[in-house]
Structures are given as structure tokens and as C-alpha cells.
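Trainee: Before we start, here is the structure in question, set down as C-alpha cells.
The values are calculated or read from the model by the stated rules, or taken from the named source; none is laboratory data. These numbers come from a predicted model, not from an experiment. Note that we place each Cβ from the backbone using ideal geometry, even for glycine, and neighbour counts take in every protein chain shown. When the accessible area is computed, the model is the full protein with side chains, heavy atoms only, and any ligands, DNA or RNA have been set aside. Shrake-Rupley method; radii C 1.70, N 1.55, O 1.52, S 1.80 Å.
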Amino acid sequence: MRVARSGLHGLKRLRARRPRFRATLRRVFSANSAIKDTVKDTTSTNPPRPTPCIEQDLDGDGKEKDLAPTRPTIEYAKSAARAFCEMPNHVLLILATDGDHDAREERLIREIMAVDTVTWEEAQPKLQQMRQLNSKGMVLATMPHKVGLTVALSAGVCSVPLCFNLTTAMWFNEHFVTTDVPPDSDLETWLEVGSWTWNWMEPPLGQISFFLLTLQFARSQLQNIGLKPYTSWLSNARARRMSGAYPMYNKKIVEDFAISDPL
């Protein structure tokens, strides 16, 4: 009797679940049909892409299929994008994520088009206006970079005659070093001059090299604890200024463009 009653209760539960099961099947079938319609619309609007490879019996053994690459057609080659303005949005997003400035610029142009309801050509004046704002004040802000570049190049060029040119070495020794001058027989070649001048050139060059090494190590520690060096701080400051001046546009798109724009 207990077995019969449990069997009857099981049948009742199955009958109660049948309508819900049918409803679930209907939802699954409707979702499948919607996906098929979307795929049909996509393939009808986009040109067909060539398959990367097809199965062919290349060696003629008749047993296994080999993979042979196909070649793109002329029509497919004509449909290839040749400029950033021809690329789809998802491709620009991938390139912009990788840091490509041209892709970020094109994304900003499309953001201006979408927000201001203008064409691509009509969005160019606003882009130029944003460029001018982004470059404002950069002459003074990049002065440390310019001074460092000038000092580094000057020191590198001047170090060669200071080490190996006898006339320059004699003048530098007379005004700054005042060490004993070797006899003329020990200063006949530029290598002999270098062996003499290296007595006073080695300490400053070694100390400067060590100082630069410690600066590089300190910079890496700043990055490890989340602090930004001067150049990164400057780029982010420009990005904040740009996004604050144009709050009507997407903040991420505007800041990405401002950061990747050259100083």
C-alpha cells in the first residue's frame, strides 16, 4: 500500500510540473528563433568573411583531410578598412584599450557626433578645440624634460673632448683640477691623454651614474606603492582638466584621448 501511495504522489507531482516544463520549452524555442533571426540579419548586412582553412586531400592518400588556407576574394579585399574612421566601434574599442592614440581620437570624434548630433566633418572643429586645451600650459610643464634632455646631451658630448683632447684637458686642469701634468712623452696619443684625465673624470662620472641608478630605483618604488612619477601625474592632470571642461561627453573616452595625446 505504501508503494502504491508513493507512486500516486509521484504521478501527481509530475503532472503538476508538466505546465512549467512546457513553458520553459516555449521560452527556449523562442530564444533560439530570436538568435537565428539576429544571425540572419547580421550576415545579410555584413559581407561574408572567407573561412581561414578548408579540408582538402592534398597528398592524395584518400584517408585523411589536410587543411589548406583559402585566399580572400577581390570583393572582400575592397571591403577592408583603410583608415580608423572606417573601422567598426568594437575594433576601435580594442585598439583604444591597447593605448592606440589614433583609435582613441576616432572614438572621441564619434562621441562628439553622438552627443552633438553632427557629422564626422562637423565634429573636427570641436576636436581641434579640445586639442588646444589639452596642449595649454605644456611649454612650462614640460620644462623639466627639456632641461634634462639638454643637460644630458651636453654632458655626453662634452665628456669626449674632456677625456681625450689634450687642449681641452689642459684648459680644464688649469681652471678646475690643478693636478700635475705628465711629461710630454706620456701625452703623445689620445689614449695617453685619456689615461691621465681619467684620474679626475672617473669620480664624478661614477658618482653621477650611481645617483641616476638610485633615482631609477626610487621611481620604481613609487610605482610599486601606487604613486605616479611626474610624467604620469602630468598626463592624468591634463585628463582631469579635459573631462572637467567637457562634462557632456563620456569621461573615459575624453580622458583616454587626453592621456595618450603627446605632451
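Trainee: Solvent-accessible area of C158, probe 1.4 Å, all protein chains present, reported in Å² to the nearest ten, please.
Mentor: 70 Å²
Trainee: List the residues of region 104-134 whose backbone N lies under 15 Å from a point placed 7 Å from the Cα of A83 along the Cα-to-Cβ direction.
Mentor: It comes to 105-107, 109-110, 119-125, nothing else.
Trainee: Keeping all protein chains in the complex and leaving out DNA, RNA and ligands, what accessible area do you get for K78 with a 1.4 Å probe, in Å² to the nearest 10?
Mentor: 150 Å²
Trainee: Kindly write out, for region 115-131 in residue order, the coupling ³J(HN,Hα) from the Karplus curve 6.51 cos²θ - 1.76 cosθ + 1.60 (θ = phi - 60°), rounded to whole Hz, with x marking Gly and Pro.
Mentor: 7, 8, 6, 10, 7, 4, 5, 6, 7, 5, x, 5, 5, 5, 5, 5, 4
Trainee: Additional query: I need the phi-derived Karplus couplings for region 224-235: 6.51 cos²θ - 1.76 cosθ + 1.60, θ = phi - 60°, integer Hz, Gly and Pro marked x.
Mentor: Ordered by residue, 3J(HN,Hα) equals 5, 9, x, 7, 9, x, 4, 5, 5, 4, 5, 5 Hz.
Trainee: How much length is gained if the chain between T117 and S154 is pulled fully straight, taking 0.36 nm per residue apart and subtracting their Cα-Cα distance, in nm to one decimal?
Mentor: Extra length from T117 to S154 when fully extended: 8.1 nm.
Trainee: Mind giving me the nanometre distance, one decimal, between the label points for L140 and S195, set 7 Å out from Cα along Cα→Cβ?
Mentor: With each label placed 7 Å out from Cα toward Cβ, I get 5.4 nm.
Trainee: Let me ask something else. Calculate the FRET efficiency for S235 and S185 from the Cβ-Cβ distance with a Förster distance of 45 Å, rounded to the nearest 0.05. The partial results should precede the final answer.
Mentor: Values: r = 58 Å, r/R0 = 1.29.
So the FRET efficiency works out to roughly 0.20.
Trainee: Sticking with this one: Between A245 and W171, what is 0.36 nm times their sequence separation minus the Cα-Cα distance? Round to one decimal in nm.
Mentor: Fully extending the segment from A245 to W171 adds 21.0 nm.
Trainee: Could you give the radius of gyration (one decimal) and Dmax (whole number) of the Cα atoms in region 159-198, in Å?
Mentor: 9.0, 24
Trainee: I'd like the Karplus ³J(HN,Hα) series for region 205-220: coefficients 6.51, -1.76, 1.60, θ = phi - 60°, whole numbers in Hz, and an x wherever there's a Gly or Pro.
Mentor: Result, rounded to whole Hz: 5, x, 5, 5, 4, 5, 5, 5, 5, 5, 5, 5, 5, 5, 5, 5.
Trainee: Separate question: Ranked highest first by average number of other Cβ atoms within 10 Å, how do 252-261, 212-221 line up?
Mentor: Order by mean packing, descending: 252-261, 212-221.
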